[in-house]
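**Student:** Sharing a structure below in C-alpha cells format, with a few things to ask.
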Amino acid sequence: MRKLLYFSTLIFVCLTSSLSAADKSAVISRDTELFSKPFKDAETITQLSTQTAIIILKRKGGWYQIKTDTNEGWVRLTHVRLARKNKAQQDPDNNVGEILSGLATGREKSDQATTATAVKGLSEEELRNAEPDVDALNALDNFAVNENADNESGLQTHKVDYLAGDGPEIKKTSPNEEDE
Amino acid sequence: MKFFLHLTSLLFLVSFSLSTPALDFGGFGLGGGGNEEEGNSIDIGELFDGIKDISRTITGIDEEAEIEIGRDAAAVLLGASKPVNDPDLQRYVNKVGRWVVNQTSRPHLPWRFAVLSSDHVNAFATPGGNIFITDGLLRTLNGEAELAAVLAHEVAHVIQKHHIKAMSSLNTSGLSGVLKLAGQTSSGQSNQLTTAMVGQVKDMYLRGLDKDDEFEADRMGVVIASRAGYDPFALVAVLQTLDSINPEDSSLALLYKTHPPASDRLDRLDSSLAQFEDPVEESPLLEKRFNTYVARRP
C-alpha cells in the first residue's frame, strides 16, 4: 500500500501540488459547490453544506479533489477543514506531520512511537530563560545566499500587486518610504 | 481590533510628546504633523493624523538601527534554540528564502534564514531580515511551496517592520525608548546585550505581534510567494495542517499564544485568494530538492 501511494505520488508530482493528502478525512467548512473540474466555471455537480464529511483525494492549486458518500468532484481549498488530529499524544503512530509529509514524499514512517514527552526548544519558559547567543548569530553568515546569486529553482517570477491596504508599494504618498 | 490599534496609537502619542526628540540614533525623522503638542482634547482627526505620524516614524526608522535591533532579537531567540546542525539543510532554506525576498522591496537587507532544532511548531522573524523556522514546523510541511509560504509570511513582517512597531508599543518611551536600548547595546558594550534590551525582546516574542499585522503578513506572504512563482495556496495548506493539530498540543502553545487561531487566518485569507485562480504547476526539480534536503532527512 505504501509503495502504491509512493508511485501514485510520483505520477502526480508534475501535475499537482505536492500535498498528496490521499484519503484524508475532512469536513466542508462552509456551504459550497462541488464542481466537476477544478475551475470556477466548471459544471456544478451538487451543493455541499457545512459539516459535510468528505475524503480528500488530492490537491491541485486552490482545489481539493474530494469524494462524499455519493459524489466525487472538486471543491475550493479554502472551504475545507481537515479532521483534527492529536499531534503526539493520542495517536502516536499517526502524528499529522508524519502522515502528511510521509505521504507527500514517500518517506518511510518512523517505527518509533512518539511519546508525549515535553517538547523541547522555544517554549515560553525556554524563551524566558534564554541567554543571547551572538556566536550562533554570527555563524548564520556561513549559509547566507547573496542577493545576486543564480536562481537555481527554475521558477519564473510573476508580477503580482499587494492587496489594497497592504504592503509598502502602495503607500507611496509617504515621503519616508524607502522602497523603490 | 481597530480599537486596540487606536489605544496603541494613543499610547504612542503620549509617549512621543513626553519624550524629548533628542534621540540616540540619528537618521530617522519624526515626520511632519506635530499634533501631539496640542494638549488635552484629542479629536478624531488629530488621532488619525497621529496614526499617520507614527506609521511614518516607524517606516522611517534608520535601517542600521533596525538591523541592530534585529540582531539583538535574533541572538535572544538563538539563546532559546540552536540552528539544526545540517549545513545542506541550512543552505537550502537560505536559497529558498533568498529567492523569496528578491521579490520584495527590500532585497538588500542582510537576510539570514535558519532552521532551529526545536520540536515546537513555530516561525520567527526579527527586524532587518533574520528568519527562523523550527524543525517542528518544517516537518509538518509538504513541499517547497509550503516552506516558501511560511518564509514569505515572516518576510512580510520584516518588510512592514511589524516587530519595531510591537516593541515600540511595549516600551514606555515608544520607539525612542527602543532605539535608546539598542544604542546602549551596540555602542556601550560591544556584542553584549543589555538586560533591558533582552527583556524587551523576550517580552515582544512572548506577547506576539498585533493580530492585524499577522493577517497582513498572511496576505502579503501569499503575494510574495506568488511573485516568486510558488503556488499561492500553499499557505492555506500549511494553515489547514496546523488547524488539524489539536490546539492543546504543547508544541503549539507559544504559536497560539502569539497568533490568531489557524481557522481565523484561513477565514481571512479566503477572500484574498480569489485572484489566484490559475493553478501553478510545481516542478519536479523543487520536489526533488525538498525531498533531498528536508523530507528524507534521517
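The numbers here are math on the coordinates, done by the rules we state, and not lab data. Worth saying up front: this structure is predicted, and the values here are computed from it rather than measured. Cβ sites come from the backbone with ideal geometry, for glycine too, and all protein chains shown count toward neighbours.
**Student:** Could you list which residues have their amide H under 5 Å from that of B:Phe113, counting only those 5 or more apart in sequence or on another chain, with H placed in the peptide plane?
**Tutor:** Here the answer is B:Ile131, since their amide H atoms fall under 5 Å of that of B:Phe113.
**Student:** Based on alpha-carbon atoms only, what is the radius of gyration of segment B:148-270 relative to the globular estimate 2.2 N^0.38 Å?
**Tutor:** 1.22
**Student:** Need one value for B:74-87: mean number of C-beta atoms belonging to other chains within 10 Å of its residues' C-beta atoms.
**Tutor:** 6
**Student:** Follow-up. Mind checking B:110-122 for the average number of partner chain beta-carbons within 10 Å of each residue's beta-carbon?
**Tutor:** Counting other chains' Cβ atoms within 10 Å and averaging over B:110-122 gives 5.
**Student:** Ok, one more. After finding the eigenvalues of the alpha carbon gyration tensor for segment A:19-82, what semi-axes result from the square roots of 5 times each, listed largest first in whole Å?
**Tutor:** 15, 13, 10
**Student:** Would you pull out the residues with amide H under 5 Å of A:Lys85's amide H, same chain only if 5 or more places away, H placed 1.01 Å from N?
**Tutor:** Residues meeting the amide H criterion: B:Ile245, B:Asn246.
**Student:** Just checking the output field for B:259-271: average partner chain Cβ neighbours within 10 Å of each residue's Cβ? Kindly include the intermediate steps, with their values, before the conclusion.
**Tutor:** On the way: counts 0, 0, 0, 1, 2, 0, 0, 6, 3, 0, 2, 6, 2.
Counting other chains' Cβ atoms within 10 Å and averaging over B:259-271 gives 2.
**Student:** Sort segment B:212-298 into rounded, prolate or oblate with this rule: let a ≥ b ≥ c be the square roots of the eigenvalues of the Cα gyration tensor; rounded if a/c is under 1.5, and if a/c is not under 1.5, prolate when a/b is larger than b/c, oblate otherwise.
**Tutor:** It is oblate, given that a/c is not under 1.5 and a/b is not larger than b/c.
**Student:** Considering only Cα-Cα distances, which of the following residue pairs are longer than 29 Å: A:Lys24/B:Lys161; A:Lys40/A:Lys159; A:Lys159/B:Lys288; B:Lys82/B:Lys161; B:Lys257/B:Lys288?
**Tutor:** Numbers: A:Lys24/B:Lys161 38 Å; A:Lys40/A:Lys159 23 Å; A:Lys159/B:Lys288 26 Å; B:Lys82/B:Lys161 24 Å; B:Lys257/B:Lys288 35 Å.
Beyond 29 Å: A:Lys24/B:Lys161; B:Lys257/B:Lys288.
**Student:** Going by average Cβ neighbours within 10 Å, how do the peptides B:260-269, B:125-134, B:94-103 rank, with the highest at the top?
**Tutor:** Sorting B:260-269, B:125-134, B:94-103 by mean packing, highest first, produces B:125-134, B:94-103, B:260-269.
**Student:** Roughly what % antiparallel, to the nearest 5, for the DSSP beta bridges in segment B:69-143?
**Tutor:** Working: 5 of 10 bridges.
Rounded to the nearest five, the antiparallel share is 50 percent.
**Student:** Which residues' amide hydrogens lie under 5 Å from the amide hydrogen of B:Lys161, considering only partners 5 or more residues apart or on another chain, with H built in the peptide plane?
**Tutor:** none
**Student:** How many angstrom separate the Cα center of segment B:145-172 from the Cα center of segment B:243-257?
**Tutor:** 20
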